[in-house]
1. Expressed in nm to one decimal, what extension gain is obtained for the pair residue 282 and residue 112 from 0.36 nm per residue of sequence separation less their Cα-Cα distance?
2. Quick one: Karplus J couplings for the stretch 97-108, per residue in order, coefficients 6.51, -1.76, 1.60, θ = phi - 60°, nearest Hz, x for Gly and Pro?
3. So who's got an amide H within less than 5 Å of the one on residue 109, skipping anything under 5 residues away but keeping other chains? H placed 1.01 Å off N, in plane.
4. Label points 7 Å out from Cα along the Cβ direction at residue 174 and residue 155: separation in nm?
5. Of the peptides 174-180, 290-296, 117-123, how do they stack up when ordered by the mean number of other Cβ atoms within 10 Å, highest first?
6. Which whole-number value in Å² is the accessible area per residue of the chain, probe 1.4 Å?
7. Quick one: what does P(r) look like for the chain with 10 Å bins over all Cα pairs, in whole %?
8. Nearest 0.05, what FRET efficiency do residue 29 and residue 92 give at R0 = 35 Å with Cβ-Cβ as r?
Amino acid sequence: MTTRTELLEIIANGENSGVEFKRDDLRTQDLAKELVAFSNLQGGMVLLGVEDAGTITGLTRDGLEEWVMNVCRDKIRPAIVPFFEVVRGVKDSNDVAIVRVTRGYDMHALWHNNTNRYLMRVGTQSREASQEELARLFQQRGTVRAELRPVSGASLAHLDLRRLRNYFGDIRQQDVPADEDDEAWQSLLINTEVMADEGVTVGGMLMFGKTPNRFLPHAGIDAVAYPGTEQDYDAQERSVLRGPMVPLLSEAGDIVENGLVEQALDFVQRNTRVVVEAQGGRRIERPVYPQDALREGLVNALIHRDYLLTSTDVELAVYSDRLEIVSPGRLPNGITPDRMRLGTRAARNQLLKDVMRDYRYLEHMGMGIPRKIVRGMKEHNGTEPDLVELDERFIVRLLAHAPE
């Protein structure tokens, strides 16, 4: 329960992304609007009996709790069950009601005049979500998969048949159509979500496209190596890594053409020194960052990023004391950095995850982060990797050495 002191502090801080003040004589649709907007973002509370400026005027409506519950049932789709409490005598014998909602597992809409309106909280305002924002909100809850959207203008001819033969014939060990049998290839690729009826899917283009960036300019990695610990215009190397996500393999399983992961690993190798240690009288060389941890961070960034954010690539930054991999978008489906450290599994882009797992980039048990990154860095140099969600980015930060 919220105490009087806690509530006064909340009111003193004013309205924000998680707090809204309202008189309790507001219209049903106005209360529903605020609760929908909170639920569709990160949750929040409406304080009834408080003016916009923070003046506490108290409650006047009879049967307030029942009215609130009816609003949440009748004016919100799907319905919300909020937390409701009344704090008595907050100021001058005036009571205040708290109506609190958490982030919804579903997207909620205000149902008014026979129309659904999807709203979101932006600062102190609750406003209607744009089409792009709405698509991303649905995707975060797993109801829309951006990877299965058809790519405008892309057809079978824009896919690399060599990589497709590799994947289906060599890795999945299944019969593949003849090269010239377009109808059989399209049937196979539609059934495996590499294509849709309308053409190549986003996931198919990312994995097997001849030139993915022709259709998806944000499909790649922007890599930069700095000589020191801060960003600097005078970088050691800047490189825009482009191409399909998976490599081209020989019949023996050797890499003939790199995929994006191999390109990024080569970039790091070029721009990091080798650590030399003496062990038992022998000279031992080891990389600054363990290959498994680095590979895991890069693969996760590529397969779990938000491909509805079209203005930015995955970023790879090498500094003298650390390495950072930045993946665009918030973590999906309620995942947090702490839950990732424990091995909680959730996929924004299931097709990408499944294909990369077939190529053995990922563990089937989903324990790559706790085993390869967290444990791997501790065993390698005694450091704790940083897993940080910041605004619309997720950052994996690996330290070159333990702090002195």
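The values are calculated or read from the model by the stated rules, or taken from the named source; none is laboratory data. Being a predicted model, the structure only gives us computed values, none of them experimental. Glycine also receives a Cβ, built like all others from the backbone with ideal geometry; neighbour counts cover every protein chain displayed. We work out accessible area using only protein heavy atoms, side chains counted, and drop any ligands, DNA or RNA first. Shrake-Rupley method; radii C 1.70, N 1.55, O 1.52, S 1.80 Å.
1. Values: separation 170, 0.36 × 170 = 61.20 nm, distance 7.60 nm.
Separation in residues times 0.36 nm, less the Cα-Cα distance, equals 53.6 nm.
2. 9, 10, 10, 10, 10, 9, 4, x, 6, 10, 7, 10
3. For residue 109, the qualifying residues are 77.
4. Going by the 7 Å Cα→Cβ label model, 2.4 nm.
5. On the way: 174-180: 11.6, 290-296: 20.4, 117-123: 17.6.
The most tightly packed comes first, giving 290-296, 117-123, 174-180.
6. With the other protein chains kept in place, the chain gives 49 Å² per residue.
7. Final binned percentages: 4, 19, 23, 21, 16, 11, 5, 1, 0.
8. Details: r = 30 Å, r/R0 = 0.86.
In this case the efficiency is close to 0.70.
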